[in-house]
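FYI, it's all coordinate maths here, none of it is from the lab. If you're wondering where the values come from, they're calculated on a predicted model, not measured in any experiment.
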Amino acid sequence: MSGDNNWNEYSKLVLKELETLSRGISALNEEIQALKSDITELRPREDKIKELREWKQRVDEVASPTQIKAWIREIEHLKIFKTKAITIFLVVQGAMGLFLAFSKLFD
């Protein structure tokens, strides 16, 4: 009788451990599903990051940011030069007009 009792207790213990293992496996399966979901969400982001890296490399092949800044400074200098040149031209043209007007008056 004690052998049967020991077997019953042992079988209950084994069943309890199997249930614990089953719950642990179920929890792991849930975590795996959550991880799969996270990976699925991250893949498009990873693709977007790759696209942005490739775009940046193509842009850097054309011109680096420091080169672009230098070009912008050059353009600003050219704009200022253009404004000065037009102003000087207009002043000289005005002076020439005045000179011709006064020379007609004195002739």
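How large is ³J(HN,Hα), in whole Hz, for each residue of region 41-46 in order, when computed from phi with the Karplus curve 6.51 cos²θ - 1.76 cosθ + 1.60 and θ = phi - 60°, using x for Gly and Pro?
The phi angles translate into 6, 7, 4, x, 5, 4 Hz.
I'd like the per residue volume of the convex hull spanned by the Cα atoms of the chain, given in cubic angstrom.
157 Å³
Can you list, largest first and rounded to whole Å, the semi-axes you get for region 1-62 by taking the square root of 5 times each eigenvalue of its Cα gyration tensor?
In descending order, the three semi-axes are 58, 8, 4 Å.
Would you calculate a helix-derived [θ] at 222 nm for the chain, using -39,500 (n - 2.57) for each DSSP H run of n ≥ 4 and dividing by the full residue count, to the nearest 500?
-36000 deg cm²/dmol
How many angstrom separate the Cα center of region 32-46 from the Cα center of region 67-107?
The two parts, judged by their Cα centres, are 64 Å apart.
Using each residue's phi in region 79-85, evaluate 6.51 cos²θ - 1.76 cosθ + 1.60 at θ = phi - 60° and report the 3J(HN,Hα) Karplus result to the nearest Hz, with x for Gly and Pro.
Per-residue couplings from phi come out as 4, 5, 4, 4, 4, 5, 5 Hz.
Across every pair of different alpha-carbon atoms, what Kirkwood hydrodynamic radius in Å does region 64-107 reach?
13.0 Å
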